[in-house]
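J.: Mind having a look at this structure? Questions to follow.
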Amino acid sequence: MKKVAVIMGSDSDLPVVQKAFDVLDELGVPYEAHVFSAHRTPAEARDFTLRARENGFGVLIAAAGMAAHLAGALAANCALPVIGIPIASGGLGGLDALLSTVQMPSGIPVATVAIDGAKNAAYLAAEILAVEDGALYERLLSVREKAAAGVLEKDRKVGEKFGG
Ligand code: RP5
(Lines give C-alpha, C1' and ligand atoms only; values in the text may rest on other atoms or scores of the structure.)
Protein backbone atom coordinates (compact mmCIF):
# COMPACT_ATOMS: atom_id res chain seq x y z
CA MET A 1 0.00 0.00 0.00
CA LYS A 2 1.14 3.57 -0.63
CA LYS A 3 2.06 5.59 2.46
CA VAL A 4 0.51 8.78 3.77
CA ALA A 5 2.87 11.64 4.63
CA VAL A 6 1.59 13.59 7.62
CA ILE A 7 3.41 16.91 7.70
CA MET A 8 2.90 19.57 10.34
CA GLY A 9 4.19 23.11 10.46
CA SER A 10 5.32 22.83 14.07
CA ASP A 11 5.41 20.27 16.84
CA SER A 12 2.91 22.55 18.59
CA ASP A 13 0.37 21.13 16.08
CA LEU A 14 0.89 17.60 17.43
CA PRO A 15 -2.06 17.45 19.85
CA VAL A 16 -4.42 17.88 16.89
CA VAL A 17 -2.40 15.84 14.41
CA GLN A 18 -2.29 12.91 16.85
CA LYS A 19 -5.96 12.29 15.99
CA ALA A 20 -4.96 11.64 12.37
CA PHE A 21 -2.30 9.15 13.51
CA ASP A 22 -4.93 7.36 15.60
CA VAL A 23 -7.29 6.97 12.62
CA LEU A 24 -4.51 5.80 10.29
CA ASP A 25 -3.40 3.27 12.94
CA GLU A 26 -6.98 2.04 13.34
CA LEU A 27 -7.26 1.53 9.58
CA GLY A 28 -3.83 -0.05 9.15
CA VAL A 29 -2.64 2.68 6.80
CA PRO A 30 1.15 3.22 6.80
CA TYR A 31 2.35 6.76 7.34
CA GLU A 32 5.36 8.91 8.12
CA ALA A 33 5.26 12.06 10.21
CA HIS A 34 7.43 15.14 9.67
CA VAL A 35 7.72 18.74 10.79
CA PHE A 36 8.34 21.06 7.84
CA SER A 37 7.41 24.68 7.69
CA ALA A 38 6.53 26.57 4.53
CA HIS A 39 8.13 29.64 6.08
CA ARG A 40 10.87 28.36 8.40
CA THR A 41 12.16 25.38 6.38
CA PRO A 42 10.88 25.91 2.82
CA ALA A 43 13.79 24.05 1.20
CA GLU A 44 13.24 20.90 3.28
CA ALA A 45 9.49 20.99 2.60
CA ARG A 46 10.15 21.32 -1.11
CA ASP A 47 12.78 18.57 -1.25
CA PHE A 48 10.55 16.11 0.60
CA THR A 49 7.62 16.84 -1.68
CA LEU A 50 9.58 16.61 -4.92
CA ARG A 51 10.61 13.04 -3.94
CA ALA A 52 7.35 12.02 -2.24
CA ARG A 53 5.98 9.95 -5.11
CA GLU A 54 9.20 8.03 -5.77
CA ASN A 55 9.47 7.44 -2.00
CA GLY A 56 6.17 5.56 -1.94
CA PHE A 57 3.71 8.21 -0.79
CA GLY A 58 0.22 8.33 -2.28
CA VAL A 59 -1.31 11.19 -0.30
CA LEU A 60 0.05 14.12 1.71
CA ILE A 61 -1.67 15.58 4.77
CA ALA A 62 -0.47 19.04 5.80
CA ALA A 63 -1.43 20.61 9.12
CA ALA A 64 -0.59 24.22 9.83
CA GLY A 65 -1.92 27.20 11.72
CA MET A 66 -1.92 31.00 11.37
CA ALA A 67 -0.70 32.08 7.87
CA ALA A 68 -0.98 28.43 6.85
CA HIS A 69 0.80 28.06 3.52
CA LEU A 70 2.18 24.57 4.14
CA ALA A 71 -0.49 22.57 2.29
CA GLY A 72 -0.39 24.93 -0.67
CA ALA A 73 3.41 24.88 -0.78
CA LEU A 74 3.41 21.08 -0.85
CA ALA A 75 0.71 21.04 -3.54
CA ALA A 76 2.82 23.43 -5.61
CA ASN A 77 5.64 20.89 -5.80
CA CYS A 78 3.86 17.63 -6.65
CA ALA A 79 0.65 16.34 -8.21
CA LEU A 80 -0.17 13.93 -5.40
CA PRO A 81 -3.42 14.66 -3.56
CA VAL A 82 -2.81 17.11 -0.69
CA ILE A 83 -5.22 17.37 2.24
CA GLY A 84 -4.95 20.48 4.39
CA ILE A 85 -5.81 20.69 8.09
CA PRO A 86 -6.18 24.29 9.25
CA ILE A 87 -4.99 24.41 12.87
CA ALA A 88 -6.55 26.71 15.45
CA SER A 89 -3.34 28.27 16.73
CA GLY A 90 -2.79 32.00 17.16
CA GLY A 91 -5.44 34.56 18.01
CA LEU A 92 -8.01 34.04 15.27
CA GLY A 93 -9.35 30.61 16.20
CA GLY A 94 -8.16 28.94 13.01
CA LEU A 95 -10.11 31.11 10.58
CA ASP A 96 -6.80 32.56 9.39
CA ALA A 97 -5.47 29.05 8.67
CA LEU A 98 -8.73 27.91 7.09
CA LEU A 99 -8.73 30.72 4.56
CA SER A 100 -4.99 30.41 3.88
CA THR A 101 -5.39 26.68 3.25
CA VAL A 102 -8.61 26.54 1.28
CA GLN A 103 -8.23 29.50 -1.11
CA MET A 104 -5.97 27.85 -3.66
CA PRO A 105 -5.63 28.96 -7.27
CA SER A 106 -7.05 26.78 -10.06
CA GLY A 107 -4.80 23.87 -10.99
CA ILE A 108 -3.18 23.49 -7.56
CA PRO A 109 -5.90 22.00 -5.34
CA VAL A 110 -5.79 21.41 -1.60
CA ALA A 111 -8.64 19.33 -0.18
CA THR A 112 -9.27 21.29 3.01
CA VAL A 113 -10.99 19.75 6.03
CA ALA A 114 -12.51 21.60 8.98
CA ILE A 115 -10.45 23.61 11.47
CA ASP A 116 -8.60 20.99 13.55
CA GLY A 117 -10.31 18.29 11.41
CA ALA A 118 -7.46 15.80 11.68
CA LYS A 119 -9.69 12.75 11.84
CA ASN A 120 -11.42 13.57 8.57
CA ALA A 121 -8.07 14.30 6.94
CA ALA A 122 -6.98 10.77 7.81
CA TYR A 123 -10.27 9.22 6.69
CA LEU A 124 -10.09 11.09 3.40
CA ALA A 125 -6.48 10.01 2.85
CA ALA A 126 -7.53 6.40 3.49
CA GLU A 127 -10.46 6.73 1.10
CA ILE A 128 -8.10 7.93 -1.62
CA LEU A 129 -5.83 4.93 -1.08
CA ALA A 130 -8.87 2.62 -0.87
CA VAL A 131 -9.76 3.36 -4.49
CA GLU A 132 -7.18 0.71 -5.39
CA ASP A 133 -7.36 -1.35 -2.17
CA GLY A 134 -10.49 -3.42 -1.55
CA ALA A 135 -9.48 -4.55 1.95
CA LEU A 136 -8.95 -0.97 3.11
CA TYR A 137 -12.30 -0.04 1.57
CA GLU A 138 -13.97 -2.78 3.64
CA ARG A 139 -12.27 -1.47 6.81
CA LEU A 140 -13.59 2.01 6.06
CA LEU A 141 -17.12 0.61 5.65
CA SER A 142 -16.77 -1.23 8.94
CA VAL A 143 -15.78 2.00 10.76
CA ARG A 144 -18.92 3.64 9.37
CA GLU A 145 -21.07 0.70 10.48
CA LYS A 146 -19.66 0.98 14.02
CA ALA A 147 -20.34 4.72 14.04
CA ALA A 148 -23.92 4.14 12.89
CA ALA A 149 -24.44 1.51 15.60
CA GLY A 150 -23.16 4.03 18.15
CA VAL A 151 -25.68 6.64 17.02
CA LEU A 152 -28.55 4.12 17.13
CA GLU A 153 -27.52 3.20 20.66
CA LYS A 154 -27.57 6.88 21.67
CA ASP A 155 -31.03 7.20 20.10
CA ARG A 156 -32.22 4.22 22.14
CA LYS A 157 -30.84 5.67 25.40
CA VAL A 158 -32.27 9.15 24.77
CA GLY A 159 -35.62 7.57 23.86
CA GLU A 160 -35.56 5.55 27.09
CA LYS A 161 -34.89 8.65 29.18
CA PHE A 162 -37.11 11.20 27.50
CA GLY A 163 -39.61 9.08 25.58
CA GLY A 164 -39.34 8.44 21.87
C1 RP5 B 1 2.37 27.44 12.11
O2 RP5 B 1 2.48 28.36 13.13
C3 RP5 B 1 2.41 26.10 12.78
O4 RP5 B 1 1.75 25.16 11.98
C5 RP5 B 1 1.71 26.34 14.08
O6 RP5 B 1 0.32 26.05 14.00
C7 RP5 B 1 1.90 27.84 14.30
C8 RP5 B 1 2.75 28.17 15.49
O9 RP5 B 1 3.99 27.49 15.40
P10 RP5 B 1 5.00 27.54 16.64
O11 RP5 B 1 5.35 28.97 16.83
O12 RP5 B 1 4.28 26.95 17.82
O13 RP5 B 1 6.18 26.69 16.23
O14 RP5 B 1 3.42 27.57 11.19
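The values are calculated or read from the model by the stated rules, or taken from the named source; none is laboratory data. Just so you know, these numbers come straight off a predicted model, no measurement behind them. All Cβ positions, even for glycine, are placed from backbone atoms using ideal geometry, and neighbour counts span all protein chains on display. Please note that ligands, DNA and RNA were not included when accessible areas were found on the heavy atoms of the full protein model with its side chains. Shrake-Rupley method; radii C 1.70, N 1.55, O 1.52, S 1.80 Å.
J.: Need one value: the accessible area of residue 11 in square angstrom, 1.4 angstrom probe, rounded to the nearest 10.
T.: About 100 Å², ignoring ligands and nucleic acids.
J.: Sum up the lysine pairs in the chain that clear both bars: alpha-carbon distance under 21 Å and a spacing of 8 or more or different chains.
T.: Count of close lysine pairs: 9.
J.: Taking the Cβ-Cβ separation of residue 148 and residue 33 as r and a Förster radius of 45 Å, what is the calculated FRET efficiency to the nearest 0.05? Mind dumping the intermediate values first?
T.: Details: r = 30 Å, r/R0 = 0.67.
Given R0 = 45 Å and the Cβ-Cβ separation, E is 0.90.
J.: Also, I was wondering about something else. Two decimals, Cα atoms only, Kirkwood Rh: what is Rg/Rh over the range 1-131? Write down the numbers at each step before the final one.
T.: Numbers: Rg = 13.0 Å, Rh = 14.0 Å.
We get a ratio of 0.93 for the range 1-131.
J.: With a 1.4 Å probe and every protein chain left in place, work out the accessible area per residue of the chain in Å², rounded to a whole number.
T.: Details: 8890 Å² over 164 residues.
Here the residues of the chain average 54 Å² of exposed surface.
J.: Also: Going by alpha carbons, how many degrees (0 to 90, nearest 10) lie between the helix axis of 14-27 and the longest principal axis of the chain?
T.: Orientation of helix 14-27: about 60 degrees from the principal axis.
J.: Further question: Taking the Cβ of residue 85 as the centre, find all other residues whose Cβ is under 11 Å away and add up their charges (Lys, Arg: +1; Asp, Glu: -1).
T.: On the way: positive: 19, 119; negative: 13, 116.
With Lys, Arg at +1 and Asp, Glu at -1, the net is 0.
J.: Per DSSP H run of at least 4 residues, take -39500 (n - 2.57); add these up for the chain, divide by its residues and hand me the 222 nm value, nearest 500 deg cm²/dmol.
T.: Values: 6 runs with 80 residues, N = 164.
Rounded to the nearest 500, the figure is -15500 deg cm²/dmol.
J.: Calculated FRET efficiency, residue 141 and residue 18, Cβ-Cβ r, R0 30 Å, to nearest 0.05?
T.: Values: r = 25 Å, r/R0 = 0.82.
After rounding, the FRET efficiency stands at 0.75.
J.: Measure nothing fancy, just the Cα-based angle from helix 134-162's long axis to the longest principal axis of the chain, in degrees from 0 to 90, nearest 10.
T.: Once rounded, the angle reads 50 degrees.
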